[in-house]
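I have placed the structure first, in the form of structure tokens, so that the comments after it can refer back to it.
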Amino acid sequence: MLPIIDAHLHLWDMADFVPPWLPEAPSLLRTFTLDDWRSEAGPSNGEWQLDRAIYVEIDASPQDRAHENQLILDRIRKGDSPLAGAVVAADLLSENVRDELAPWLGDAGLKGVRHVLHTPASPAGVCIKPEFVANIKRLGELDLAFDACMRQGELGDLAALAKAAPETRIVLDHCGNPGPAFLSEGPDSPKLATWRVGFSQLGECPNVACKLSGLDLGSAKESIRRAIDFCFEVFGEDRLIWASNYPVCKLGTPLRPWLDAVHGVVAQCGETALMKIFALNAARVYRIAN
């Protein structure tokens, strides 16, 4: 049975705090738990099981970030859940990100950092500012990964960052957010010209991995093969990571249909590819022990 690591799981409790973007998604305006995550996946029919997960920060207000980080790392430290680690929030434009992370450095649950780059709060070019680059290099020194959630037209900046910090592991969230054209029209769509160039540049950076997540199948379920084949061509089976993006995925394609769609395509590439994309690559990138 395939032991899946879900490399992109969000959880929140409305009693703790409410991230500022959440009221704009009323269907998500409630508490989401690990039980909800398991229920959404449903029965595995003997082929796979949800084994572990990586928590990814939820773009909380700056005043709530430390509280979010502490809550999730405390939960992981208890060892009573499938949570294998966390990608926490931090300001990578600060003078030295070590200072913000100081309370949790040495915590085995700390696996990476995310500074959201796809919202209006992060103008274009933020990730190639000198202070941002310096902090990305510091993450490498701390053996922490950087999760990059980018606008599709700015992947070239991320490639420049990856080349400037070759010792830091960088994970591209959601295939670089190509939008619906990626599945409905295919990776060669003229609408994706800029995304395609940046995505290919990232594929040339050995320190970058790509999450197969955040895409909406919509009515283009049959085109998933073409999209994943393109990701294979660019990143290869050693740098692709399946993830659910639960519960945000509920705004498009829910967890189980997304899992089934990607599993169905990757299974045609053999058991080795399945193990890498659904488990081993995430374990390597996020330093998850067996």
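Could you work out the percent of alpha carbon pairs in the stretch 25-99 separated by over 20 Å, rounded to a whole number?
Numbers: 1247 of 2775 pairs.
Pairs farther apart than 20 Å: 45 percent.
Values of log10 I(q)/I(0) for the stretch 1-143 across q = 0.14 Å⁻¹ run -0.74, by the Debye formula with one identical scatterer at each alpha carbon and no solvent. With the simple model of a label 7 Å out from the Cα in the direction of the Cβ, residue 91 to residue 121 spans 1.1 nm.
Placing a label point 7 Å from the Cα of residue 233 along the Cα-to-Cβ direction, the residues of the stretch 203-222 whose backbone N falls under 14 Å from that point are 203.
Distance between the 7 Å Cα→Cβ label points at residue 45 and residue 74: 4.1 nm.
Pairs of Cα atoms in the stretch 209-254 fall into 10 Å distance bins, from 0 up to the last occupied one, in shares of 27, 51, 23 percent.
What whole-number value in Å² describes the accessible area per residue of the chain for a 1.4 Å probe? Can you show the working numbers first?
Details: 11820 Å² over 290 residues.
Using a 1.4 Å probe on heavy atoms only, each residue of the chain averages 41 Å².
Across the stretch 250-290 the C-alpha pair distances fall into 10 Å bins from zero in the proportions 27, 41, 31, 1 percent.
Charge dipole of the stretch 5-76 (Cα centre as origin; +1 on each Lys and Arg Cβ, -1 on each Asp and Glu Cβ, all else neutral): 40 debye, rounded to the nearest 20.
Enclosing the Cα atoms of the stretch 181-237 in their convex hull gives a volume equal to 76 cubic angstrom per residue.
Tell me the Kirkwood radius of the chain: reciprocal of the mean inverse pair distance over distinct alpha-carbon atoms, in Å.
Details: mean 1/r = 0.0526 Å⁻¹.
It is 19.0 Å.
Just the protein heavy atoms count here, and of the accessible area of the stretch 113-189 at 1.4 Å, carbon and sulfur take up 55 percent. Once the C-beta distance of residue 15 and residue 141 is scaled by a Förster radius of 30 Å, the resulting FRET efficiency is 0.25 to the nearest 0.05. Straight-line reach from residue 163: taking Cα to Cα under 28 Å and skipping same-chain neighbours fewer than 8 places apart, the lysines in range are 111, 129, 137, 191, 211, 276. Full extension of the chain between residue 131 and residue 272 gives 46.8 nm of extra length, using 0.36 nm per residue less the Cα-Cα distance.
For the pair residue 33 and residue 163, the difference between a 0.36 nm per residue extended length and the Cα-Cα distance amounts to 43.1 nm.
The values are calculated or read from the model by the stated rules, or taken from the named source; none is laboratory data. Since this is a predicted model, take the numbers as computed values, not measurements. Cβ: placed from backbone, ideal geometry, glycine included. Neighbour counts: every protein chain shown. Accessible surface areas use protein heavy atoms only, side chains included; no ligands, DNA or RNA. Shrake-Rupley method; radii C 1.70, N 1.55, O 1.52, S 1.80 Å.
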